[in-house]
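The values are calculated or read from the model by the stated rules, or taken from the named source; none is laboratory data. Every value quoted in this text rests on a predicted model; they were computed, and no experiment measured them. Heads up, the Cβs are rebuilt from the backbone with ideal geometry, glycines too, and the neighbour counts pull from every protein chain shown. Just so you know, the surface numbers come from the protein's heavy atoms only, side chains and all, with ligands and any DNA or RNA stripped out. Shrake-Rupley method; radii C 1.70, N 1.55, O 1.52, S 1.80 Å.
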Amino acid sequence: MSALGDVINNIILFERKGDELYNRIFVVSAFSGVTNLLLENKKTGEPGVYHRIVNYQEFHHALNELIESLQAINKKYEGLGLDLALADKFIAQRINDAQHYLDNLANILASGYVSKEGILQAAREILASIGESHSAFVLTNILQNMGIHSTLIDLSGFHDHKSYTIDERIKHTFSNIDFSKTICIVTGYAKGTEGIMREFDRGYSEVTFCKIAVAVKPKEAIIHKEYHLCSADPVLVGIDNCVPIGFTNYDVADQLADVGMEAIHPKASKPLEINNINLRIKNTFEPEHPGTLITKDYVSPDKRVEVITGTTKLVMIDIYDPLMVGNVGSDFQIMQVFFDLGISYNFKATSANSISIVIWEKDFTETLIRDLEDKFEKVTVEKMAMVCLIGSNIDQPGLLAKSAGALAGVGINIKSAGFALRQVNIQFLVDRADFDDAIIVLNKVMAS
């Protein structure tokens, strides 16, 4: 959204005019960095306004600074035709209204009479909604001032006190719109009784996107990103040594998301997959390129690896106990610890007396280790990287040997490896220091 001029020219206006502009719904995220100011920095964890409320700190000054920051963003788009005075007034009013709600929540929180969790969840929802309401207003206003009939659909329900679920709100909001006569600009945040952030947190824009798609049954759902979904990271392997993925399926998309290379949030995409709605991933800056089409049933006609990817942000936890061998329930005991702490895993390997489990480093806690050590003799933790060979049709003799040989050929030791019976993802665990070289050599050998 920060490249708004490109969004307008390369997506909204590209090869369209007159009535061809309509019959489309655009779900927008907040401008870059705004949700970080509202909640916390997604990468560094630096606290935003939300954490001042969590810690019972004064937050009015932070909200006033937020108004200034968003009005500075407005100024950037005045040249595109934004009515600056109107946009500045909108965001100031929205944040002042939010402050009224947040003051009430803070007072209730301070009383000590109610559950802290529910109050803070409400505060997080209110703050999150501001970013998308702002960007949707700005884009709608610019398009209207260009003479394009555009309708702002604010699903934040900021002044709507009806107890709708998210699906009910979407159905109610879109029920009387003639899509053939307007472009709908919709907030990525959607208010609902279930709380969209409770389950998805920062992935909520894609959830809203998918729920709308299920409601209106489009010809195709399209996500525009700043890059292509490629066969490997062009920064690592070189732009001439990778290609955009033309076609794949939702299973592959889930595998990519599991190592942080999200085409779309895996939970968000399920409604599309279940309802047989195709999803296309396009590069905003190459509008003529068809991008990647993700469907439910696609299988590559040739046996090949479609994507080589992975992550360095993992840790492997090895749980050892000599009493495991032949003992029923050791794995269950371990999984119960993970379940109680709300921690999911990416990979698991077993031997007679040990079970190795890989998790995201951000989910690692001393409590997890302490709880495991209470039940088993020895727990070892090691930082790790994972490299994956992913594709819809990779079941071919020799692929494992070829890839393992390639890694060994450049001196990379495989700490662990595995794949499920479906064979859509071969996973190698290696030292973090070997990650880049592993991606490069696997990309090279798979292309040969």
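Could you count how many residues in the stretch 77-95 are without any contact (Cβ under 8 Å) to a residue 60 or more places away in the chain, touching a helix residue (DSSP H, G or I) at 6+ places or on another chain (Cβ under 8 Å) and within 16 Å of G131 (Cα to Cα)? Number of matching residues: 6. The set of residues in the stretch 406-424 being within 13 Å of M386 (Cα to Cα), open to solvent by 70 Å² or more (accessible area, probe 1.4 Å) and touching a residue at least 40 places away in the same chain (Cβ under 8 Å) consists of K415 alone.
Scanning the stretch 288-342 for residues that are open to solvent by less than 20 Å² (accessible area, probe 1.4 Å), more than 30 Å from the chain's Cα centre (by Cα) and polar (S, T, N, Q) gives a single hit, S330. Taking the numbered list (1) closer than 21 Å to I357 by Cα; (2) of a type in the set (A, V, I, L, M); (3) modelled with pLDDT under 95; (4) outside any loop (DSSP other than H, G, I, E, B) in turn, M446 passes all entries but (1). Looking only at residues in the stretch 49-65 that are in contact with a helix residue (DSSP H, G or I) (Cβ under 6 Å, 6 or more places away or on another chain) and free of Cβ contacts under 8 Å to residues at least 60 places away in the same chain, the one that is surrounded by the most Cβ atoms within 10 Å (Cβ to Cβ) is F59.
Which pairs do you get when a residue that is among the polar types (S, T, N, Q), found in the stretch 260-280, comes within reach of a residue that is assigned to a loop (DSSP other than H, G, I, E, B) and open to solvent by 40 Å² or more (accessible area, probe 1.4 Å), reach meaning Cβ atoms under 9 angstrom, with the pair 6+ apart or on two chains? Taking only residues 6 or more apart or on different chains, the pairs are N275/K217; N276/K296; N276/D297; N278/K219; N278/E220; N278/K296. Would you be able to say whether some residue in the stretch 63-80 is among the aromatic types (F, W, Y), within 16 Å of M1 (Cα to Cα) and part of a helix (DSSP H, G or I)? The answer is no; no qualifying residue exists. Scanning the stretch 375-395 for residues being more than 19 Å from L256 (Cβ to Cβ), in contact with a helix residue (DSSP H, G or I) (Cβ under 9 Å, 6 or more places away or on another chain) and assigned to a loop (DSSP other than H, G, I, E, B) gives a total of 2. Considering only residues in the stretch 272-287 that are touching a helix residue (DSSP H, G or I) at 6+ places or on another chain (Cβ under 7 Å) and over 14 Å from T248 (Cβ atoms), the one that is surrounded by the fewest Cβ atoms within 10 Å (Cβ to Cβ) turns out to be N275.
If you go through the stretch 189-209 and keep only what is small (G, A, S) and either surrounded by fewer than 19 Cβ atoms within 10 Å (Cβ to Cβ) or farther than 19 Å from F158 by Cβ (or both), you end up with G195, G203. Residue check: is L372 within 22 Å of C230 (Cβ to Cβ) and open to solvent by less than 60 Å² (accessible area, probe 1.4 Å)? So L372 fails the test. Of the residues examined, P218 is not one that is open to solvent by less than 50 Å² (accessible area, probe 1.4 Å) and either assigned to a helix (DSSP H, G or I) or of a type in the set (S, T, N, Q) (or both).
If I ask for residues that are open to solvent by less than 10 Å² (accessible area, probe 1.4 Å) and part of a loop (DSSP other than H, G, I, E, B), which ones from the stretch 172-188 would you list? Selection gives T182, G188. Out of all the residues in the stretch 92-110, is one or more open to solvent by 40 Å² or more (accessible area, probe 1.4 Å), outside any helix (DSSP H, G or I) and not charged (D, E, K, R)? No, the stretch 92-110 contains no residue that is open to solvent by 40 Å² or more (accessible area, probe 1.4 Å), outside any helix (DSSP H, G or I) and not charged (D, E, K, R).
For F179, are the conditions met, namely being farther than 22 Å from D103 by Cα and either modelled with pLDDT under 95 or out of contact with any Leu (no Cβ under 8 Å at 6 or more places or on another chain) (or both)? Yes, satisfied. When F419, F376 are screened for being aromatic (F, W, Y) and modelled with pLDDT of 95 or more, only F376 passes. Is it the case that E366 is under 30 Å from the mean Cα position of the chain (by Cα) and free of Cβ contacts under 8 Å to residues at least 60 places away in the same chain? Yes; evaluated as a whole, the condition is true for this residue. Residues that are assigned to a helix (DSSP H, G or I) and without any contact (Cβ under 8 Å) to a residue 24 or more places away in the chain were ranked within the stretch 123-171; the one that is most open to solvent (accessible area, probe 1.4 Å) is Q144. Among the residues of the stretch 204-234, those that are of a type outside the set (F, W, Y), out of contact with any strand residue (DSSP E or B) (no Cβ under 8 Å at 6 or more places or on another chain) and under 27 Å from Y22 (Cα atoms) comprise V207, K211, V214, A215, K217, K219. In the set D240, D258, D251, only one residue is open to solvent by less than 50 Å² (accessible area, probe 1.4 Å), acidic (D, E) and within 25 Å of M386 (Cα to Cα); that residue is D251. Report whether or not I359 is in contact with a helix residue (DSSP H, G or I) (Cβ under 9 Å, 6 or more places away or on another chain) and surrounded by 15 or more Cβ atoms within 10 Å (Cβ to Cβ). Considered against the rule, which asks whether it is in contact with a helix residue (DSSP H, G or I) (Cβ under 9 Å, 6 or more places away or on another chain) and surrounded by 15 or more Cβ atoms within 10 Å (Cβ to Cβ), I359 comes out as yes.
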